[in-house]
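Following: one structure in structure tokens, then a few remarks.
Values quoted throughout were computed directly from the atomic coordinates according to the rules given, and no laboratory measurement underlies them. Bear in mind the structure is a predicted one, so any value in this text is a computation, not a measurement. Reconstructed Cβ throughout: ideal geometry from the backbone, glycine too, with neighbour counts over all protein chains shown.
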Amino acid sequence: MKIGAQMYTVRELCRTLDGLDETMKKVADIGYTTIQLSGVCSYEAEWMAQKLNEYGLSADITHFDYGRIVNDTEGTIAFHDTMNCRYIGIGSNPRGVNPEGLEKMADELKDAIPKIMSSGHKFMYHNHHMEFAKFDGKNFLELLCEKFTEDECGVTLDTYWVQAGGADPAFWLRKLKGRVNCVHFKDMVFSPADNNVRMAPIGEGNMNYTEIIKACDDAKVEYGYVEQDNCYGEDPILCLKRSYDYFRAQGLD
């Protein structure tokens with residue numbers, strides 16, 4: 001498994017192309033060699049391909065505009081081809097995280113997904129905690145897996161949000177083997193500063209990352225992306241570095 005940086009973590013630094021350029025260099029300087037493109041400013045694929053090459057990075061997954069995926073599938077594929085990016089992802093279901101929303105999404109993607117598959121790419125769905133609500137005894141991820149084969153739809157399993165939904169990240173990594181080509185990592189800790197649960201750099205919280213890493217190996221995860229949606233006033237670059245240092249200490253990079 002290769003450890004990467006989810007650029008959503010540093011999105012506030014990437015509101016302009018100059019900021020995105022500078023931040024990608026900082027991420028590469030930490031030691032990361034792969035990134036997920038999400039939450040940053042607009043960019044041309046050719047520009048991004050050039051910058052990736054300049055900094056020794058690859059972008060192996062995006063969170064891409066759902067409307068473009070549905071309505072301009074060929075253009076979406078070409079955009080990802082230019083960056084040599086295999087995985088085409090979305091951050092949630094814009095039609096609703098419920099059975100009705102799943103049916104709408106499946107109908108809208110019925111033409112796009114075969115094109116994505118035949119081009120050598122894979123469509124990826126990212127979860128939050130709401131995917132673990134039960135509908136007649138099954139949660140949304142279970143319904144998603146019944147609706148799509150593992151080749152049609154992967155799951156960018158966010159281990160933090162699995163735990164926030166009351167489930168076991170290691171269990172779900174193993175359960176979704178074949179779909180979890182890419183995963184998201186962040187840690188969870190209780191903060192006395194505001195008496196609330198917070199996101200934290202990996203190794204600074206209470207999630208069982210020893211077991212999560214083992215489960216990633218069992219599930220044949222290719223890419224594990226560090227994502228900290230909220231750094232609570234800390235420098236997100238330094239948070240990314242602390243997570244990177246944790247994984248390096250576990251023999252991963």
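Computed from these coordinates, which is volume of the Cα convex hull per residue in Å³: [x] 119; [y] 109; [z] 245?
Comparing each candidate, only [x] matches the computed number.
If you build a Gaussian network model of the chain, linking Cα atoms that sit under 10 Å apart, which residue out of V70, V197, V180 swings the most?
V197
How large is ³J(HN,Hα) for each residue in region 36-50, as worked out from phi by the Karplus curve 6.51 cos²θ - 1.76 cosθ + 1.60 (θ = phi - 60°), to whole Hz, x for Gly and Pro?
Karplus-based 3J(HN,Hα) across region 36-50 equals 9, 8, 7, x, 9, 5, 5, 8, 8, 4, 5, 4, 5, 4, 5 Hz.
With a 10 Å cut-off between alpha carbons and a GNM built on the chain, which of D229, D72, D60 moves the most?
Checking each option, the largest mean-square fluctuation is seen for D72.
Pop out the ³J(HN,Hα) list for region 21-33 in order, Karplus 6.51 cos²θ - 1.76 cosθ + 1.60 with θ = phi - 60°, rounded to Hz; leave Gly and Pro as x.
Computed from phi, the couplings for region 21-33 are 4, 4, 6, 4, 5, 5, 5, 5, 5, 4, x, 5, 10 Hz.
How much net charge surrounds I61 when only the other residues with a Cβ under 15 Å from the Cβ of I61 are counted, with Lys and Arg +1 and Asp and Glu -1?
Values: positive: K2, R86, K122, R179; negative: D60, D65, D81, D158, E222, E227.
Neighbourhood net charge equals -2.
What does the charge dipole of the chain about its Cα centre add up to, to the nearest 20 debye, if the Cβ of each Lys and Arg holds +1 and the Cβ of each Asp and Glu holds -1? Let's see the in-between values first.
On the way: 27 positive and 40 negative charges, 89 e Å.
Computed charge dipole of the chain: roughly 420 debye.
From the phi angles alone, apply the Karplus equation (6.51, -1.76, 1.60; θ = phi - 60°) to region 168-178 and give each ³J(HN,Hα) in whole Hz, x where the residue is Gly or Pro.
Values per residue, Gly and Pro as x: 9, x, 5, 4, 6, 4, 5, 5, 9, 3, x Hz.
Using modelled amide H (1.01 Å from N, peptide plane; none on Pro or chain starts), what sits under 5 Å from the amide H of M124, excluding residues fewer than 5 places away?
Amide H neighbours of M124, under 5 Å, 5+ apart: I88, G89, I90, G154.
When the chain is treated as a GNM, springs tying every alpha-carbon pair under 10 Å, which of F123, F140, F185 comes out with the largest mean-square fluctuation?
Comparing F123, F140, F185 in the GNM, the peak value goes to F140.
Give the shape of region 1-133 as rounded, prolate or oblate, defined through the alpha-carbon gyration tensor: a ≥ b ≥ c are the square roots of its eigenvalues, a/c under 1.5 means rounded, and otherwise the shape is prolate if a/b is larger than b/c and oblate if not.
Numbers: a/c = 2.09, a/b = 1.56, b/c = 1.34.
Prolate shape, in that a/c is at least 1.5 and a/b is the bigger ratio.
Could you list which residues have their amide H under 5 Å from that of D187, counting only those 5 or more apart in sequence or on another chain, with H placed in the peptide plane?
When sequence neighbours closer than 5 places are left aside, the close amide H contacts are A200, I202.
Add -39500 (n - 2.57) for each DSSP H run of 4 or more in the chain, then divide by its residues: what number comes out at 222 nm, to the nearest 500 deg cm²/dmol?
Numbers: 11 runs with 103 residues, N = 253.
About -11500 deg cm²/dmol.
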